[in-house]
Amino acid sequence: MRRHTHIHLSHPLLCAIFCFLSSLTVSPEGIEKEILLQFKDNITDDPFNSLGSWDSSGNPCNYSGVSCNSEGFVERIVLWNTNLAGVLSPALSGLKRLRILTLFGNRFSGNFPAEYADLHSLWKINVSSNLLSGPIPEFIGDLPSIRFLDLSKNGFTGEIPSALFRYCYKTKFVSLSNNNLSGPIPESLVNCSNLEGFDFSSNNLSGVLPSRLCDIPRLSCVSLRSNALSGSVQEHISACQSLKLLDLGSNRFTGFAPFSILRMQNVTYFNISYNGFTGQIADITDCSESLEIFDASGNYLDGEIPSSITRCKSLKVLGLELNKLKGSIPMDIQNLQRLLVIRLGNNSIGGTIPQGFGNIELLEVLDLHNLNLVGGIPVDIDNCRFLIVLDVSGNNLEGEIPKTLYNLTNLEAFDLHQNQFNGSIPPSLGNLSRIQYLDLSHNSISGSIPPSLGNLRNLTHFNLSFNNLSGIIPQIATIQHFGPSTFSNNHLLCGAPLDTACTENGNESPSAPRMGETKVLSVSAIVAIVAAAVILTGVYMVTIMSIRARSRKKDDDQIMIVESSTTVGSSESNVIIGKLVLFSKSLPSKYEDWVAGTKALLDKESIIGGGSIGTVYRTDFEGGISIAVKKLETLGRMRNQEEFEHEIGQLGNIQHPNLVGFQGYYLSSSMQLILSEFVPNGNLYENLHGIGYPGSSTSRGNRELNWSRRYQIALGTARAIAYLHHDCRPPILHLNIKSSNILLDDKYEAKLSDYGLGKLLPILDNYGLTKSHNSVGYVAPELAQSLRQSEKCDVYSFGVILLELVTGRKPVESPSSSEVVVLCEYVRGLLETGSASNCFDRKLLGFSENELIQVMKLGLICTTEDPLRRPSIAEVVQVLESIRNRLESH
């Protein structure tokens, strides 16, 4: 039998023992002060002295940004927008009562220390807007009390770990937006049974939505904007009964759009823009009374805008641009009196602009560009006194410009270009003091330019070209500042900045040439030209050519172009019947000249370039004539040779000093050649980066390419693109602008090549560029992701060119096998941290830093992800001209 011994201690003895043990325990103030001071020691920069109160003599509960609980333990660290730099201290893991860690808006780098896995009391982590990187630590998913997790706006990479949502039953909100995360959304997200919202936008996530997403009963906010997610969403989203915000914009989703959730009474924000959704906009029988944002732009939606949209009485933003919608604008749209933004552009909508827009008094943006609208601008539009943007360009509107627009005192952008407006420019437009963008080009506006337009001192874009304006251009700095392109193709305008002199009565001098105008010829001259054209057509339209094989590695290593009207052939030669068409009078027309000039054609030693379309060779003729011959690899999307002739034949009439001139073409059943002007100084890519050096940019570029020449290359290229977009009918989209397609002549003037050949490009699939397309880095995201073509795709590519010129870097570089640097992101990151000068090409000499920064910022604006926010190329030309003009005026 076990004996139990009982020891009885007296009360005084117990008190003594307790006091002794207490003396061995260090107070929380001392321990936690040491931990916080170790955190401070890891700070390398404190520009605002935010941690000035953190010293060894103070009470840690009184430190700036620190809060303690009633027991004296540190409970919160909130250092918000203090711009601290350094790494996170592992010592913080010793704060066992820490509940809130908020370090938003700093410059912490590295990753979370592994010791933070011991912070079991944490229920809020906010490290948004820092420089943290690496994979998201899986141990965060083991913290049992997390309610709020915000890791957004950092540099985290890799996939979202499935373990992140292992024990997330208390979590209510998670944001991982604006990182570099890839891979799918983990199915384990549905473990977060109390989740109310998540934001994974602006990453590189792929795959489909989690199939059981709507099993999360309280899910009210889903933001997945700007990723590469795909698949159908209708069945996954329609069951989410608690949704208030749905943002699926800028992904690759397909199928029918989830319009059914618009009936849910709590929905306030609905954005499915820039995807591949098809079908019609469903009739909205019961619109949520809370719905404020409805954006379905940039899809393939067809049918009409349902009149039932006017039941959404709380609507503030209606975005349906860039679809295939037809019909007309709902007549009752005026009943949506809370509307701030209406964007319907780039559809096939016709009819008139409904009367009653003036009833929407809070309207700020009315964008109806590139539709099929007729009639005029409603006179009551002047009631919209808060209107900032009014864009009705690219329609068939007519009549006079309303004279009461002076009431729109908040107007900043007014675009009427490419319509049929007539009458004169109302002098009252000069009262719109806030206006920055004014485009009245391509109309039938007559009369003089009101001097009152000189009051518009905030203008950054101004275009009156292609009208019937007359008289002297006002000699006012605000107007003169924009250069001749603003006033071109107005036959009766004269005076600076045009090269057209004025007579004493203010009319154009009859002897002065007019910019952009064709000279009127006499009848005899016209007869002579027509006769010459007939003769030349007979000389240059050759229908028989042969290819004679030489004893080389392949039988077709060389070709011989034969001009003959008889059959050519022998037992020793291969004969191909083909057709040669020449656009240039300078090229030889005799058989012997072509034989001598093409002996080296298709010899590897004659290769001077190549790319997505084919290989380019140089061939020389006697008399010092050289041409470039492009041997096409494929006809791309051209169905047959007849379409090839039609497409290429139209390019022979295009002439611009900054475009490579087409000289002709040859086609046969087995070969297609394009003949073009030979430009001696190579292409911009070679001059910037050297030839044949993969990976990062090298210092082997042409040191003759100083900043003055680079600026002129940028301006010349922009003018060439502007000519293709705005002066050609129909407009020509390039869709393959890159530095290797910008050739440089003997004076380093730019000449853009490969224009008008979009149909020859390798076919793009629904998942982006094919492997044979070598323009990666220059291609606009909407073209790469959803094959959406517009002039803004060329603007994006040109923006990359601007950044390439300023930095000397390639659009995409791989310094190592595991690292990829995208130029746009690299420059944008340095600019945001105030380190713009670190972007400049070190080889540059003789430049103005301010000018480089302005060009660099213009490049970033051109490469904005949303194509609607990019400027037109005409605006880019004007900005580039103004940058140099401002510099020269100082």
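Where a number appears in this text, it was derived from the coordinates with a stated rule and is not lab data. Computed from a predicted structure; not experimentally measured. With ideal geometry, Cβ positions are generated from the backbone for all residues, glycine too; neighbour counts draw on all protein chains shown.
Please state the charge dipole magnitude for region 75-174, taken about the Cα centre, from unit charges on C-beta atoms (+1 on K and R, -1 on D and E), reported in debye and rounded to the nearest 20. It would help to have the intermediate numbers written out before the result.
Working: 11 positive and 7 negative charges, 84 e Å.
The calculation lands at about 400 debye.
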_Rel. contact order, % - alpha carbon contacts under 8 angstrom, at least six apart, region 354-479_ = 19
*Output ³J(HN,Hα) for region 72-89: one whole-Hz value per residue in order, computed from phi by the Karplus curve 6.51 cos²θ - 1.76 cosθ + 1.60 with θ = phi - 60°, and x for Gly and Pro.*
x, 8, 5, 10, 9, 10, 10, 10, 9, 6, 9, 6, 5, 10, x, 10, 6, 7
*Along the positive direction of the dipole of region 360-496 (beta-carbon charges: Lys, Arg +1; Asp, Glu -1; about the Cα centre), which of S424, C494, S470 reaches farthest?*
C494
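Explain nothing, just the number: dipole magnitude of region 123-266 about its Cα centre with +1 on each Lys and Arg Cβ and -1 on each Asp and Glu Cβ, in debye rounded to the nearest 20.
Working: 12 positive and 10 negative charges, 70 e Å.
Once rounded to the nearest 20, the dipole reads 340 debye.
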_Derived scalar couplings ³J(HN,Hα) [region 98-114; Karplus, 6.51 cos²θ - 1.76 cosθ + 1.60; whole Hz; x for Gly, Pro]_ = 5, 10, 10, 10, 10, 10, 4, x, 10, 10, 5, 10, x, 9, 5, x, 4
*Taking H as built 1.01 Å from N, whose amide H comes closer than 5 Å to the amide H of I43, not counting residues under 5 places away?*
none
*Once the convex hull of the C-alpha atoms of region 174-307 is built, how many Å³ does it hold per residue, rounded to a whole number?*
91
_Relative contact order (percent, whole number), region 110-249, Cα cutoff 8 Å, 6+ residue spacing_ = 17
*May I ask you to derive the FRET efficiency for E138 and F173 from their Cβ-Cβ distance with R0 = 22 Å, giving the value to the nearest 0.05?*
0.65
*Size of region 149-216 along its principal axes in angstrom, Cα-based, largest extent first?*
28, 23, 18
*Taking H as built 1.01 Å from N, whose amide H comes closer than 5 Å to the amide H of E159, not counting residues under 5 places away?*
S182
*HN-Hα J couplings of region 252-260 from phi, Karplus 6.51/-1.76/1.60, θ = phi - 60°, integer Hz, Gly and Pro as x?*
10, 5, 10, x, 7, 6, x, 5, 4
_Surrounding net charge for V379, when Lys and Arg each add one and Asp and Glu each subtract one, Cβ distance under 13 Å_ = -2
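Once you keep just the Cα pairs under 8 angstrom separated by 6 or more residues, what percentage relative contact order results for region 210-276? Let's see the in-between values first.
Details: 132 pairs, mean separation 23.0, N = 67.
Relative contact order, region 210-276: 34 percent.
Cut-off is 10 Å between beta-carbons; in what order do D367, D754 appear when sorted fewest neighbours first? Please list the in-between numbers first.
Details: D367 21, D754 26.
Placing the least packed residue first, the sequence is D367, D754.
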*Please list, in chain and number order, the residues 5+ apart from E75 or on another chain whose amide H is under 5 Å from its amide H, with Hs placed from the backbone.*
S67, C68, N69
*Round to a whole angstrom and tell me the spacing of the C-alpha centers of region 841-868 and region 353-368.*
36
*Just list whichever of K792/K843; K326/K857; K738/K843; K579/K630; K631/K738; K170/K244 have alpha carbons separated by over 26 Å in the model shown.*
K792/K843; K326/K857
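If you place +1 on the Cβ of every Lys and Arg and -1 on the Cβ of every Asp and Glu, how big does the dipole about the Cα centre of region 399-512 come out, in debye to the nearest 20?
Working: 3 positive and 7 negative charges, 55 e Å.
Dipole about the Cα centre, nearest 20: 260 debye.
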*So what's region 376-458 giving for Rg/Rh, alpha carbon basis, Kirkwood Rh from the mean inverse pair distance?*
0.92
